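Asks: Here you go, one structure.
The values are calculated or read from the model by the stated rules, or taken from the named source; none is laboratory data. As the structure is a computational prediction, the values presented were derived from the model and not from experiment. Please note: Cβ atoms are built from the backbone with ideal geometry, for glycine as well, and neighbour counts cover all protein chains shown.
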Amino acid sequence: MDLKGRNFLTLKDFTPEEIIYLIDLAAEYKDKKKKGILHDTLRGKNIALIFEKTSTRTRCSFEVAAHDLGMGTTYLDPSGSQIGKKESIADTARVLGRMFEGIEYRGYEQTIVEELAKYANVPVWNGLTNEYHPTQMLADMLTIREHFGYLKDIRLTYMGDARYNMGNSLMIVCAKLGMHFTACTAKEYFPEETLVEQCKEYAAQSGGTITLTEDVMAGTKGADVIYTDVWVSMGEPNEVWEERIAALSLYKVTKAVMDNAGKNAIFLHCLPAFHDLRTKIGKEQGEKYGFTELEVTDEVFESAQSLVFEEAENRMHTIKAVMAATLGAV
Ligand code: CP
Ligand code: NVA
């Protein structure tokens, strides 16, 4: 398998074999890291990390993974560069591409990261856009495989805002890997029709299925994985809180949902999560709208079925695999 020089913008661009290869490679790196075996085979290289939106996991994963591989990193924060304000994406790409061997981008439209990739001349990695979050997918799949031992035929139900980066990306990866994806949410939060059709084609090849339903009990019945995300994503205006709470409260992950899922079901969430009021935004919105937990109850979040911190750790190992493969370390 040779992924050297490839961009990593969305899993639509990758075959099932390539996706599995990256998950396998991440598992190998994870094992090496646990055993203290150094793997700094990209010494002398440098990468740029552009974050137009904030981050804890993705930024730390890129930095730690880069350092483990022997690379230097430069972090460009949401306000600290000329990008988009004084300098176009195409010009930025041509500058950074001359200094760095790879570029990570987190921000808004997918077209921005595509433009960056078009001009950079070095691999570009999508660290989250409005539409997709592909590095998160590899971590999620590694976590699911570690728990169940396999991916094919796993039934994953996504609850909440299924027409944004997380819902879209989970539908794509499940369809590619022969899994059974269900979006269980209000109709207006179903993924976009054209993407659903495309994913149905992937699923027809892989033996997977795509289901969209508004029925909580039918949509979560017997599921292996219950997955959710925040109801209001980064960059969305404050005004949408009210409509989200009204439309999505029925789709909160509760103990009743987990009890309706399969016997060995796990709970996943890309994080950060509003499972209590111990955050500034959670407290503000909670007081305003009268809730104490939002997309998932604290009970489920803190339960033994919740693998969210294993999942967060796996961000680092999988991002390392993406960089190593596309920079030719393997
Ligand atoms: N899951 C995720 O992408 O987390 P961050 O926003 O903290 O990077
Ligand atoms: N949908 C969320 C994902 C965060 C990892 C957001 O875009 O804010």
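Asks: Please name all residue pairs, on different chains or six or more residues apart, with Cβ atoms under 8 Å, provided the first residue is in the stretch 136-148 and is at pLDDT 95 or above and the second residue is within 14 Å of ligand 1 (Cβ to nearest atom) and among the small types (Gly, Ala, Ser).
Replies: So the pair list comes out as Gln136/Ser169; Met137/Ser169; Ala139/Ala312.
Asks: Could you please find all residues in the stretch 1-39 being at positive phi and in contact with a Ser or Thr (Cβ under 8 Å, 6 or more places away or on another chain)?
Replies: Residue satisfying the conditions is Gly5 alone.
Asks: If you don't mind, another one. As an exercise: evaluate Asp31 against (1) more than 16 Å from ligand 1 (Cβ to nearest atom); (2) within 18 Å of the chain's Cα centre (by Cα); (3) surrounded by fewer than 18 Cβ atoms within 10 Å (Cβ to Cβ) and give the number of the one condition it does not meet.
Replies: With respect to (1) more than 16 Å from ligand 1 (Cβ to nearest atom); (2) within 18 Å of the chain's Cα centre (by Cα); (3) surrounded by fewer than 18 Cβ atoms within 10 Å (Cβ to Cβ), Asp31 is out only on (2).
Asks: Collect the residues in the stretch 290-330 that are within 16 Å of ligand 2 (Cβ to nearest atom) and among the hydroxyl-bearing types (Ser, Thr, Tyr), keeping them in residue-number order.
Replies: Residue satisfying the conditions is Thr318 alone.
Asks: For Tyr105, state whether it is surrounded by 14 or more Cβ atoms within 10 Å (Cβ to Cβ), among the aromatic types (Phe, Trp, Tyr), within 16 Å of ligand 2 (Cβ to nearest atom) and at pLDDT 95 or above.
Replies: Here the answer is yes, as Tyr105 does meet what is asked.
Asks: For the condition over 23 Å from the mean Cα position of the chain (by Cα), without any contact (Cβ under 8 Å) to a residue 24 or more places away in the chain and within 16 Å of ligand 1 (Cβ to nearest atom), what is the one hit in Lys263, Lys280?
Replies: Within the list Lys263, Lys280, the selection yields Lys280.
Asks: Oh, and also: Can you pull out the residues in the stretch 109-136 that are surrounded by fewer than 17 Cβ atoms within 10 Å (Cβ to Cβ) and within 16 Å of ligand 2 (Cβ to nearest atom)?
Replies: Once the filter is applied, which keeps residues that are surrounded by fewer than 17 Cβ atoms within 10 Å (Cβ to Cβ) and within 16 Å of ligand 2 (Cβ to nearest atom), the stretch 109-136 yields only Glu109.
Asks: Would you check which residues across the stretch 41-66 are more than 9 Å from ligand 1 (Cβ to nearest atom), within 15 Å of Trp125 (Cβ to Cβ) and in a loop (DSSP other than H, G, I, E, B) and list them?
Replies: Residues satisfying the conditions are Leu42, Lys45, Glu52.
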